[in-house]
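All of the numbers you see were taken from the coordinates with simple rules; none came from a lab. Values in this document were obtained by computation on a predicted structure and should not be read as measured data. All Cβ positions, glycine included, derive from the backbone under ideal geometry; neighbour counts span all protein chains shown.
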Amino acid sequence: MSNYHIKHLEEYFQVYRKSVRYPEVFWEEVAEEHFLWRKKWDKVLEWDFTKPEIKWFQGAKLNITENCLDKHLYIRGDKTAILFEPNNPDEEAQHITYNQLHERVCRFANVLKSKGIQKGDRVVIYLPMIPELAVSVLACARIGAIHSVVFAGFSSTALSTRINDCQAKMVITSDGSYRGSKTIDLKGIVDEGLEDCTTVENVLVAKRINSDIDMKSGRDHWLQPLLDNAPTECAPEIMDAEDPLFILYTSGSTGRPKGMLHTTGGYMVYTAYTFKNVFQYKENDIYWCTADIGWITGHSYIVYGPLANGATTVMFEGVPSYPDYGRFWEIVQKHKITQFYTAPTAIRALAKENLDYVNKYDLSSLRVLGTVGEPINEEAWHWYNDNIGDKKCPIVDTWWQTETGGILISPVPFSTPTKPTYATLPLPGIQPALMDENGNEIKGNSVEGRLCIKFPWPSIARTIWGDHERYKNTYFSAFDNKYFTGDGALRDEVGYYRITGRVDDVIIVSGHNLGTAPIEDSINEHPAVAESAIVGFPHDIKGNALYGYVILKETGEVRDRDNLRREINQLITDHIGPIAKLDKIQFVPGLPKTRSGKIMRRILRKIASKDTSNLGDTSTLLNPEVVELIIKDAL
Ligand code: WTA
């Protein structure tokens, strides 16, 4: 039996049982056999969910980039590590070998050092999906700097909030980015964001679109000349297993984004282990995950997990609809992709288009298909299975979160029989529990509840940067001694899990987590707005779309409603980004509230989804009359 590579269902059950009975032995064996450590750990695991404190491989020393790069140089130095597919199909793809990637990371790491970046410093990376993004992430890890990648679709305000929260010393960006037929002025967004930041000393600028941009003297530096002059070797900083690796921000149901902190050793072990098993990666495979490195999926399953396994990982700069809706499938054929990992929202969007876009291409290289980010509906699952996988490729519906660092529930392809819309079984080391409203665990099968995890796994986030109390309150206070995911789930008659969606005020739109509070705060900044509430409603492609209920101030002034709607969406775009724009905005005389003043979102959700037959008991509301008025004018 191999702990590291599961090949059939019996083996999965054996490995799983061992991982639950003897978790420390299990993870110790995995860690020992497959990674390069400068010094072994003194203790495999120490944990206490009440504090909460979780430490894996304490006392061990390593550098994750030695595992992702140096380790491979002798055996596969000339193998492609990163295969870069540009936005424009006429631009040639780049094959960056492990040798070349190693050199580029070392040069970049030396540039960071020459600009004063040291172990523990925070570096914010705001780049499009170009090789420099992966290189800069690894360069930070090489010298022990903590990277915080901010998705390059976020606005300048969202960027500056994150820079200020982690007190970043440096920003790495580009002169601009390509997105389909558009170009985006990234550097302009950075300049605007930095007006509100005092900690950033240097900005490194990669050239991508050759636009004429302002460079602030003393602060902004073109990257290429610095790289050209940098030494090609950079000794890795030797890190403790529990030293921070990166911060990645994710939305919460309230307040500011949460900077989830991931540490080095456990994150490496878990992402590498799950990559190997969930994608059944083999040496000559060409693996493609279409996510952006600005999200956790890109961190764990474009960069760290694949590279730790010596894989070839594709980075795609563009969008699925450019130059036409066949782009994904054209790339699959061109590079003979073996594993393809994407989001349900992309599948739904492509399934709406003519099948000729798919049938034109030879997809026979594919072996495993994956989805992540939100529940996949049955129709999309079958479309993916029939038309992309030709019914021959298992679909891994992978459930996990920014906070979990890696995939927790997923089929192991060719072992676990798949079932549409089910993430199926927990991976080794993962102990799920379903909880009822009173805090009791619901045992047995054919049950539904709130999804918790009872035991730590190596890549769980260790804290929220600068706010351990919030970490405790958000994840460890709802249920005693358990990590609470914020998701609801059901367990069917054979023990398979199906994730039913968020049970808090996070709404997932096109696979992006959006908290209601920051959107409402943006709306409320409009001078005409008194109060607002956001809910999600079902949408064919996005999964959920946003519906805003807005109360206007009573000024007696008559205002153009459509104009107001545009202004409100502009405010949201400025504060967060276009992904958070509202599809519908209804102006209402009031919002249904409980006697303690809490907005009853349940009622608003029902109205938004046009499901008003059973609103439940509204008589306990402070203002029951407002419900009828809202329904009358619902959009
Ligand atoms: C949702 C993305 C159903 C879930 C890796 C979770 C899913 C949130 C699935 C985390 C799935 C993710 N099926 N729902 N396979 N995968 N989710 O932090 O609600 O961007 O809590 O991490 O996405 O989103 P995040």
(request) Arrange the following residues from fewest to most other Cβ atoms within 10 Å of their Cβ: Glu628, Glu132, Glu192. (result) Glu628, Glu192, Glu132
(message) At q = 0.14, 0.16, 0.25 Å⁻¹, what log₁₀ I(q)/I(0) does the stretch 227-315 have when each alpha carbon counts as one equal point scatterer in the Debye sum?
(response) -0.64, -0.80, -1.20
(request) Quick one, can you get me the convex hull of the C-alpha atoms of the stretch 379-434 expressed as volume per residue in Å³? (result) 99 Å³
(message) Using the Karplus curve 6.51 cos²θ - 1.76 cosθ + 1.60 with θ = phi - 60°, what ³J(HN,Hα) values do you get for each residue of the stretch 428-444, in whole Hz, with x for Gly and Pro?
(response) x, x, 9, 10, x, 9, 9, 10, 8, 5, 8, x, 9, 6, 9, 8, x
(message) Tell me which of Ile172, Gly597, Thr264 sits at the most positive position along the dipole axis of the chain, charges placed on C-beta atoms (Lys, Arg +1; Asp, Glu -1).
(response) Thr264
(message) Just to confirm my numbers, what's the Cα centroid distance between the stretch 465-490 and the stretch 222-279 in Å?
(response) 23 Å
(request) Determine, at each q value in 0.10, 0.16 (inverse angstroms), the log₁₀ of I(q)/I(0) that the Debye formula gives when each Cα of the stretch 8-167 is one equal point scatterer. (result) -0.55, -1.14
(request) Quote the Stokes-Einstein diffusion coefficient, in whole µm² s⁻¹, for the chain, based on the Kirkwood radius over alpha carbon pairs, a temperature of 37 °C and a viscosity of 0.692 mPa s. (result) 129 µm²/s
(request) Pull up all non-local amide H partners of Asp487: gap of 5 or more, or a different chain, and H-to-H distance under 5 Å with H placed in the peptide plane. (result) Leu451, Val503
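Among Ser300, Ser148, Ser446, Ser596, rank each residue by its count of other Cβ atoms within 10 Å, from fewest to most, as a rough exposure measure.
Ascending Cβ contact count within 10 Å gives the list Ser596, Ser446, Ser148, Ser300.
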